[in-house]
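Down below is the structure, laid out as structure tokens.
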Amino acid sequence: MKNLETIQTWLAAQRGRMIDLQKKLAACQALAPESGGDGEFEKCLLLEKELAALGLPAGERFDAPDSRVSAGFRPNLVVTIPGRRSEAVWIMTHLDVVPPGDLSKWDSNPWTVVEKDGKLFGRGVEDNQQGLVSSVFAALAFVENGIVPDYTIKLLFVADEEVGSTYGIRFLLEHHRLFGAEDLILIPDGGDPAGDAMEIAEKNILWLRITTRGVQTHASRPDQGVNAHLAGCALALELNALEQHFNARDTLFEPDRSTIQPTRKEANVPNVNTIPGEDVFYLDCRILPRYSLADVLDEISRTAKRIEERYRVSISWRIDQQIESKATPKDAPVVLALARAIELVYGATARPIGVGGGTVAAELRNNGYNAVVWSRMDETAHQPNEYCVLDYLCGDAAVMAALMLGEASE
């Protein structure tokens with residue numbers, strides 16, 4: 001416990017340096033090409049310079065080729081601090097941020113960090129610079145205090161998390177062998193204000209663009225046409241009713257059930273007095289992991305065939321997203337070790353949870369690596385006036401340090 005107490009005392013005195021790093025990172029706009037930006041290279045260079053100035057060892061870069069950005073690649077950086085064991089604690093954060101959106105909704109310049117009421121305001125300060133800065137200072141605590149961690153420390157800063165991870169964790173998993181089977185992997189990119197929620201699972205995700213085709217005609221003569229919109233509405237209702245077919249419950253998730261929801265609707269005809277011959281809507285499915293998406297698609301096919309026969313239409317669809325994710329077991333070493341670290345620092349009893357949204361943890365889990373998504377945050381990511389709570393910034397660093405200390409922190 002003495003090492004952890006030393007580190008916590010040291011971290012409490014680092015608030016000014018943490019704020020300084022947050023300000024520098026936020027001023028460097030790391031936006032993906034899809035968001036009108038030029039990638040993360042300049043931000044990565046800045047980070048490498050700041051890490052060197054702090055006294056951390058030089059990192060190793062794994063650049064993913066991308067001709068759309070001026071650098072020609074998207075950077076992924078790994079910084080290593082050797083521990084007593086070859087097994088590593090990985091803290092994975094991302095360099096990219098999302099655009100600020102409507103600037104009129106911000107109380108300040110989103111790229112200039114403002115400190116107020118114990119919080120830092122600015123784009124990216126929570127998503128994901130809170131976790132990034134916390135991980136940097138957790139690692140730095142060992143270097144500056146001459147403490148050798150139990151686990152080898154691996155800080156991983158990835159590109160492209162906000163727009164699909166093709167040039168980030170997916171690239172690394174496909175082209176490099178970085179992780180060991182016994183490593184502990186923490187992704188500090190989601191959580192709640194209590195700091196006790198550890199995300200270990202996510203629902204399977206299926207997005208469909210569904211097209212119903214009939215025969216266009218004048219609205220006064222429905223007998224001469226086939227109303228694609230009417231059939232599409234009937235299909236949407238029946239697909240939504242499939243929630244009663246996939247009706248299992250799992251209290252790990254909130255809501256604790258599978259959801260199959262019609263969402264976006266495309267325009268069909270521009271005028272009121274025409275029956276449309278084509279209609280398009282979208283379906284968002286969030287399915288409990290116990291069900292396969294193949295089974296869901298089979299039920300959707302059977303439902304669509306019934307609607308085709310009933311309304312004399314043809315139905316087709318395009319899969320826009322299809323993600324199945326394995327879960328990290330509740331008794332996995334990373335879950336148990338993180339729970340101990342949270343209790344040591346925050347005095348909270350950690351609870352495993354599942355989420356309905358997709359995270360980069362799915363990429364790791366599907367490749368055989370247990371990962372946990374955790375942080376203490378107010379969840380202001382992607383919102384105007386995004387903020388990071390300074391107490392969480394320091395507290396999360398202490399939790400990470402306790403995880404790195406391993407048995408030495410008990």
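The values are calculated or read from the model by the stated rules, or taken from the named source; none is laboratory data. These numbers were taken from a predicted model, which means no experiment stands behind them. Glycine gets a Cβ as well: all are built from the backbone with ideal geometry, and neighbour counts include every protein chain shown.
Scanning the range 355-394 for residues that are touching a Leu at 6+ places or on another chain (Cβ under 7 Å) and part of a helix (DSSP H, G or I) turns up E363, L390, C394. Close contacts from the range 377-399, counting a first residue that is in contact (Cβ under 8 Å) with a residue 40 or more places away in the chain and surrounded by fewer than 21 Cβ atoms within 10 Å (Cβ to Cβ) and a second that is in a loop (DSSP other than H, G, I, E, B) and of a type in the set (S, T, Y), with Cβ to Cβ under 8 Å and a gap of 6+ residues or different chains, come to N385/S108. Of the candidates K43, K24, the single residue that is surrounded by 17 or more Cβ atoms within 10 Å (Cβ to Cβ) and at negative phi is K43. Within the range 48-69, residues that are surrounded by 12 or more Cβ atoms within 10 Å (Cβ to Cβ) have Cβ atoms under 6 Å from residues that are of a type in the set (D, E) in these pairs: V69/D38, counting only partners at least 6 apart in sequence or on another chain. When the residues of the range 200-237 are filtered to those that are assigned to a helix (DSSP H, G or I) and under 31 Å from the mean Cα position of the chain (by Cα), the one that is surrounded by the fewest Cβ atoms within 10 Å (Cβ to Cβ) is L237.
Every condition in (1) surrounded by fewer than 16 Cβ atoms within 10 Å (Cβ to Cβ); (2) touching a Pro at 6+ places or on another chain (Cβ under 9 Å); (3) among the charged types (D, E, K, R); (4) under 14 Å from L206 (Cβ atoms) holds for D298 except the one numbered (2). Taken together, P329, P352 contain a single residue that is at negative phi and outside any loop (DSSP other than H, G, I, E, B), which is P352.
Taken over the range 167-189, the criterion of being in a loop (DSSP other than H, G, I, E, B) and surrounded by fewer than 24 Cβ atoms within 10 Å (Cβ to Cβ) is satisfied by H176, R177, L178, F179, G180, A181, E182, D183. Remark: pairs (first residue in the range 178-206, within 20 Å of T380 (Cα to Cα) and assigned by TED's automatic domain parsing to the domain that holds G124; second residue polar (S, T, N, Q) and not in a loop (DSSP other than H, G, I, E, B); Cβ separation under 8 Å; 6+ apart in sequence or on different chains) = I187/T93; P188/T93; P188/Q130; P188/S134; P188/S135; D189/T93.
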